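> Submitted below is the structure of interest, expressed as C-alpha cells.
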Amino acid sequence: MLPIQERMVDSADGEKRATSFGGAWRRQWVRTFPVREYLEVFVVIGAVTLAGWFMPFTYRAFGHIYLMAVIVLSLRVGRIPVLVAALVSAVAWNYVFMPPRLSFSVLHFEDSLMLGTYLAVALIGGQLTARIRAQEREERQRERRATALYLLARAVAGARDLDVALATALQQADALFDAKTALLLRRETGVVWHAAGTFTVDATNHAIGDWAMEHREPAGRFTGHFPTIDVLHIPLVRDGRSLGVFAVRFPADLVEPTAMQRELIDGFAAQIALLVEREELRQAGEREKLFAESDRLHRTLLDSVSHELKTPLAVLRAAGEKLGAEDKTLRTALVGEVRMATRRLDHLVGNLLNQNRLESGVLRPQLDWCDVRDLITAARRATADALAGRSVRLEVPEDIPLFFADVPLMENALANLLLNAGHHTAPGSPVLICAGRETRHGEEQVYVRVADRGAGLPPGLRDQPFQKFRRGAGARPGGLGLGLSIVHGFMLAQGGDVTAGDHAGGGAQFTLHLPHREHGLIPTDER
Amino acid sequence: MSVESTKPHVLVIDDEVQIRRLLRLTLAEAGYSVREAETGRDGLDEAHRQAPDAVILDLGLPDLTGVDVLNSLRETNAVPVLVLSVFGQESSKVAALDAGADDYLTKPFGSAELLARLRALLRRIKPAVATNTFHFGAVEVDFTRRRVTREGKAVRLTSMEYSLLQLFITHRDKVLTHRQILCELWGPKAEGHTHYLRTYMMRLRRKIEGEVESSSFFQTESGIGYRFVSEP
C-alpha cells in the first residue's frame, strides 16, 4: 500500500499527463456559445455584400450568390448560425441590392420564393450538417475511447503487479476525465480503498461506495441513487460478482456527461474490474497449486503414518489378547513387544508433533545456557533401548564451553541422530559422540557430532539428507523419513546448522553446529 | 518405621477416564488407596475433605490450570504433588513446579517410573531422622562441621558449592527448577543467569562424583532444573 504522500505525488503526475484528452473532454461537457460560427456567418455575408456592391450584376444574380453562401455556410456551421445566415442574407439582399438600393423594398412573388428557398436551404442544410457533425463527433469520441482504453490496457499490461497496474489505471482515468479517482476493493482484510486513489474518500462517500458495491448499481453524482453526492461510484462487476467500486470525483462545474462519455467511464471501470479479476484468478490458481502440493505431501504423510501406526497397533492388539495366557515366558515376551510398540508409537507421535511445530511456525526456541554433557546424557537415556548392546564412546574435552541453545530441541536433535545411527548400522556396531569448539566459516562455533561405522551416506541422499520423507534406499523398514528433517529444522531455529559427512575410516557422521557465545562472568566464592 | 495400618491415600485429578482407571489399577496393586476427581474443583474439594498423602495432578484439566489448582491447594496443604503433562507443555510444567509441585512425569510414562516417583515423594514427608550427617554413595556430609568427605577423603568445596549441595540434600528426590535454585543461592536478581548454575553444577559434580559419564546423583531435568537422588 502506498502512503499518503506518495499518493499526492501520483496525483500531480496524473495531472501533468492530462494533455490532449483532458481539454477536449472538458470542451464537450461545457457547451459554450459558438462565437466562432457566428463570426464566420457575418464575415461571409459581409464579404459577399461588399463584393457585390462593386459588381455590375442584376439583383437576381445576387440572390443566387447569397444562396450559394448560405449553402456553403450550412456545411460549416451549426443549425442556428446557418438560420441566422439565411435571415441576414435575406435582409442584406433586400436592403442593399433590391431596387431601390439601400432601402427595404416590397417583395415580388419571385423574390419571396427566393427568400423562402434561403430559409428552406438553411434549415435542411443545417439539419444535415448537424447530423454529419454529430456522427463525426461520435466517431471521434469512439476513437478517443478506443485510444484511451488501448492506452490503459497497454499501461496496465506493462505493470509488474496489481498495485502498480491499478495506480497506472487511475492516473490515466484522472487525465482522461480531468477528475480525481479512487478504488474500493474487496481484500482479505475486508473492503478497503486502494492506496493509489488520488483523492481522500470521506465517510459519506465510503458509505455510498459500500452501497454501490452491495447493490451492484452505480450511485452518487449523475445517477438515480444519491445524486447530490459529489462523487460518481461505479461498481466493478464481473459475472454478477461485485469486485469493488470505481469512484470518480469530477470538477464541480461539470454538467451531465453524455451517454458516450458515460460509456467511456464504464469502459474504464470494466477494464479495472478485469484487472482485479485477473489478479484474483491468478491468486486462486496459485492457491490451488499450493493445495495440490500440500495435498500430495499430506497423502504421502498419511500413507506412511497410517502404515507406521498400524504396525505397533497390530502388535498391541495381538499382545493384549494373548496377555491372559498362562505361559509365563510367552507373557514376558509379549510384554517386551508391547513396550517396544508403545515406544515406537511415542517416537512417531513426537516426531509428527515436532514436524508440525516446525511447519506451523509456532516454534520459538528458548535459548539458554546448557552443558553439552547433560544434552548427551539425556539423548542417550531417551535412546537407550534403540542403542542397546552398542558401545557408545564419548569424546568431550574438559574445558568445553557452555552451549547457548534450546535444551529440549537440542536433546531431540541429538536423540534423532542417535536413533538414525542405530537404525542404519548393524546391531552392535559402535557409535562415537564427540563435542568441541571450532572456527567454521570464519565464526566461532561449538559442535556435537554423532559418528557411526555403518555403510555411510547413500549416494542418492548425499545432497539433501535433511529433506522431509527422504529415506535411504537401503534403510530398514520403520520410520517416516522425518527425523533428519526435524533435526535440520530445530538447528536452523536455534541459529545453528547440521551437516552430514563421511566418518574417517568408514561410516557416516552428522554434526550439530551452534554459534559460540561468551557468557557473563560467574561470581567466584573461593574460600 | 512400622507400616501404618492404613494404606497411603493418593488423590488422582485427571479428566481422562482411562488414565484414572489405569492409575487406580497400578496404585491399588502397589498398596495405595486411591480417590479420583475429574476436574480441578472436584479435586480441590476432595483434597480438603480427606487430606490425601499425595496428589497426582494432570496439567490439562478442563476447568482450572495446574497453577490454579496448586495455588489453591498450597493455601492449606503441604501435600506432595506429582504433576502429569504431555509433550509440548514444558512451560506449564515449569510453572507448576515453581508454584510448588514436587515432581512431574511426562505422558506416556511407565508404571515403574510412576511408583518410584511416588515412593520418593512419600519418603520425603516422613519425619526426617534428626542427624547431623547425610550419606549418599561414598559421600558423607557433616552439617555441623560443614565438611564433605568422599571415600574417607576430604572434598574441598567452596561455600557456594556447599550451599548448593545442602539445598539439594534438603530437597532430595524433588525437582528444583533453575529459578528456585538461582533465587535461593544468588538471590532473585540472578533468576535468568542459568550459566552460574551450569558452571557450579559442573564443578560440584566433578568434585562429588569424579569423572563419570553421566551423573547419577545430580540428575539434569532438561529445560526444567535438577533433581538430587540420594538412592539412584
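> What is the one condition in (1) touching a helix residue (DSSP H, G or I) at 6+ places or on another chain (Cβ under 6 Å); (2) surrounded by fewer than 16 Cβ atoms within 10 Å (Cβ to Cβ) that A:R187 does not satisfy?
With (1) touching a helix residue (DSSP H, G or I) at 6+ places or on another chain (Cβ under 6 Å); (2) surrounded by fewer than 16 Cβ atoms within 10 Å (Cβ to Cβ) applied to A:R187, the lone miss is (1).
> In segment A:415-441, what count of residues is obtained for those that are among the basic types (K, R) and either within 13 Å of chain B (Cβ to nearest Cβ) or more than 49 Å from the chain's Cα centre (by Cα) (or both)?
Residues flagged as among the basic types (K, R) and either within 13 Å of chain B (Cβ to nearest Cβ) or more than 49 Å from the chain's Cα centre (by Cα) (or both) within segment A:415-441 amount to 0.
> Let me ask you something else. Working only within segment A:400-414, note down all residues that are surrounded by fewer than 24 Cβ atoms within 10 Å (Cβ to Cβ), more than 9 Å from chain B (Cβ to nearest Cβ) and hydrophobic (A, V, I, L, M, F, W, C).
Matches in segment A:400-414: A:I400 only.
> Okay, moving on. Determine which member of the set A:D174, A:D202, A:D178 is under 23 Å from the mean Cα position of the chain (by Cα) and of a type outside the set (G, A, S).
A:D174
> Please go through segment A:166-197 and pick out each residue that is more than 15 Å from A:H233 (Cβ to Cβ) and touching an Asp or Glu at 6+ places or on another chain (Cβ under 8 Å).
A:A167, A:Q171, A:D174, A:A175, A:A195, A:A196
> Considering only residues of segment B:207-230 that are away from every other protein chain (no Cβ under 12 Å), under 21 Å from the mean Cα position of the chain (by Cα) and assigned to a loop (DSSP other than H, G, I, E, B), which is nearest to A:I376 (Cα to Cα)?
So the residue we want is B:F217.
> If you take the residues of segment A:351-363 that are without any contact (Cβ under 8 Å) to a residue 40 or more places away in the chain and within 15 Å of A:N412 (Cβ to Cβ), which of them is farthest from the chain's Cα centre (by Cα)?
A:L353
> If we scan segment A:500-512, do we find a residue that is modelled with pLDDT under 80, farther than 29 Å from B:L197 by Cβ and in a loop (DSSP other than H, G, I, E, B)? If you could, list the steps in order and put the result at the bottom.
Taking segment A:500-512 as the starting set, the residues that turn out to be modelled with pLDDT under 80 are none.
No, that holds for no residue.
> Right, another one. Report, by residue number, each residue of segment B:184-206 that is closer than 20 Å to A:T524 by Cβ and more than 13 Å from chain A (Cβ to nearest Cβ).
B:E184
> Check B:R41, B:R20, B:R24 and return the single one that is at pLDDT 90 or above, surrounded by 13 or more Cβ atoms within 10 Å (Cβ to Cβ), over 20 Å from the mean Cα position of the chain (by Cα) and within 23 Å of B:D98 (Cα to Cα).
Matching residue, one of B:R41, B:R20, B:R24: B:R41.
> Right, here's the next one. Taking only segment A:262-296 into account, find how many residues are surrounded by 13 or more Cβ atoms within 10 Å (Cβ to Cβ) and not polar (S, T, N, Q).
Residues that pass the stated criteria total 18.
> Could you grab me the full set of residues in segment A:421-453 that are of a type in the set (S, T, N, Q), in contact (Cβ under 8 Å) with a residue 40 or more places away in the chain and in a strand (DSSP E or B)?
Across segment A:421-453, the qualifying residue is only A:Q445.
> For segment B:99-121, enumerate the residues that are within 14 Å of chain A (Cβ to nearest Cβ) and of a type in the set (A, V, I, L, M, F, W, C).
B:L105, B:F109, B:A112
> Please go through segment B:148-165 and give me each residue that is of a type outside the set (V, I, T), surrounded by 15 or more Cβ atoms within 10 Å (Cβ to Cβ) and within 14 Å of another protein chain (Cβ to nearest Cβ), ordered by number.
B:L157, B:M160, B:E161, B:Y162, B:S163, B:L164, B:L165 - these are the residues of segment B:148-165 that are of a type outside the set (V, I, T), surrounded by 15 or more Cβ atoms within 10 Å (Cβ to Cβ) and within 14 Å of another protein chain (Cβ to nearest Cβ).
> Take the residues in segment A:381-395 that are touching a residue at least 40 places away in the same chain (Cβ under 8 Å) and closer than 19 Å to B:R205 by Cα, then tell me which one is nearest to the other protein chains (Cβ to nearest Cβ).
Taking the candidates together, the pick is A:L394.
> Go through the residues of segment A:435-443 one by one and say whether even a single one is loosely packed, with under 13 Cβ neighbours inside 10 Å and in contact with a Phe, Trp or Tyr (Cβ under 7 Å, 6 or more places away or on another chain).
yes
> Mind checking which residues of segment B:74-85 are hydrophobic (A, V, I, L, M, F, W, C) and either surrounded by 15 or more Cβ atoms within 10 Å (Cβ to Cβ) or modelled with pLDDT of 85 or more (or both)?
B:V79, B:V81, B:L82, B:V83, B:L84
> Okay, moving on. Identify all residues within segment B:7-21 that are part of a helix (DSSP H, G or I) and among the aliphatic types (A, V, I, L, M); write none if there are none.
Passing the criteria: B:V17, B:I19.
> If you check A:T129 against the conditions, is it surrounded by fewer than 16 Cβ atoms within 10 Å (Cβ to Cβ) and among the β-branched types (V, I, T)?
no
> Sticking with this structure for a sec: Could you pull out every one of the strands (runs of 3 or more DSSP E) wholly within segment A:134-239 that has 1 or more residues that are among the aromatic types (F, W, Y) and without any contact (Cβ under 8 Å) to a residue 24 or more places away in the chain?
Details: elements: A:180-187, A:190-193, A:232-238.
In segment A:134-239, A:190-193 are the strands (runs of 3 or more DSSP E) which contain 1 or more residues that are among the aromatic types (F, W, Y) and without any contact (Cβ under 8 Å) to a residue 24 or more places away in the chain.
> Read through the list (1) facing another protein chain (nearest Cβ under 8 Å); (2) of a type in the set (G, A, S); (3) within 47 Å of the chain's Cα centre (by Cα), then give the number of the only condition that A:A378 fails.
Among (1) facing another protein chain (nearest Cβ under 8 Å); (2) of a type in the set (G, A, S); (3) within 47 Å of the chain's Cα centre (by Cα), the lone unmet condition for A:A378 is (3).
> Now for a separate question. So if I check each of A:A269, A:A314, A:A273, which one is over 30 Å from A:V191 (Cβ atoms), in a helix (DSSP H, G or I) and of a type in the set (A, V, I, L, M, F, W, C)?
Working: A:A269 fails: over 30 Å from A:V191 (Cβ atoms); A:A273 fails: over 30 Å from A:V191 (Cβ atoms).
Just one listed residue meets the conditions, A:A314.
> Give me the residue from segment B:179-193 that is touching a residue at least 12 places away in the same chain (Cβ under 8 Å) and over 19 Å from B:S159 (Cα atoms) and, out of that set, surrounded by the most Cβ atoms within 10 Å (Cβ to Cβ).
This residue is B:R179.
> Another question about this same structure. Collect the residues in segment A:374-386 that are buried (at least 17 other Cβ atoms within 10 Å of the Cβ) and of a type outside the set (D, E, K, R), keeping them in residue-number order. Can you show your working first?
Taking segment A:374-386 and keeping what is buried (at least 17 other Cβ atoms within 10 Å of the Cβ), we get A:374-380, A:382-383, A:386.
Residues satisfying the conditions are A:L375, A:I376, A:T377, A:A378, A:A379, A:A382, A:T383, A:A386.
> Considering each of A:S74, A:S105, A:S89, A:S112 in turn, give the residue that is among the polar types (S, T, N, Q) and not in a helix (DSSP H, G or I).
Numbers: A:S74 fails: not in a helix (DSSP H, G or I); A:S89 fails: not in a helix (DSSP H, G or I); A:S112 fails: not in a helix (DSSP H, G or I).
Only one candidate passes the filter, namely A:S105.
> Within segment A:322-366, can you find the residues that are facing chain B (nearest Cβ under 10 Å), surrounded by 12 or more Cβ atoms within 10 Å (Cβ to Cβ) and outside any helix (DSSP H, G or I)?
If the condition is that a residue be facing chain B (nearest Cβ under 10 Å), surrounded by 12 or more Cβ atoms within 10 Å (Cβ to Cβ) and outside any helix (DSSP H, G or I), then A:Q366 is the only one that fits.
The values are calculated or read from the model by the stated rules, or taken from the named source; none is laboratory data. As the structure is a prediction and not an experimental result, all values here were calculated from the model. No Cβ is skipped: glycine too gets one built from the backbone with ideal geometry, and neighbour counts run over all protein chains shown.
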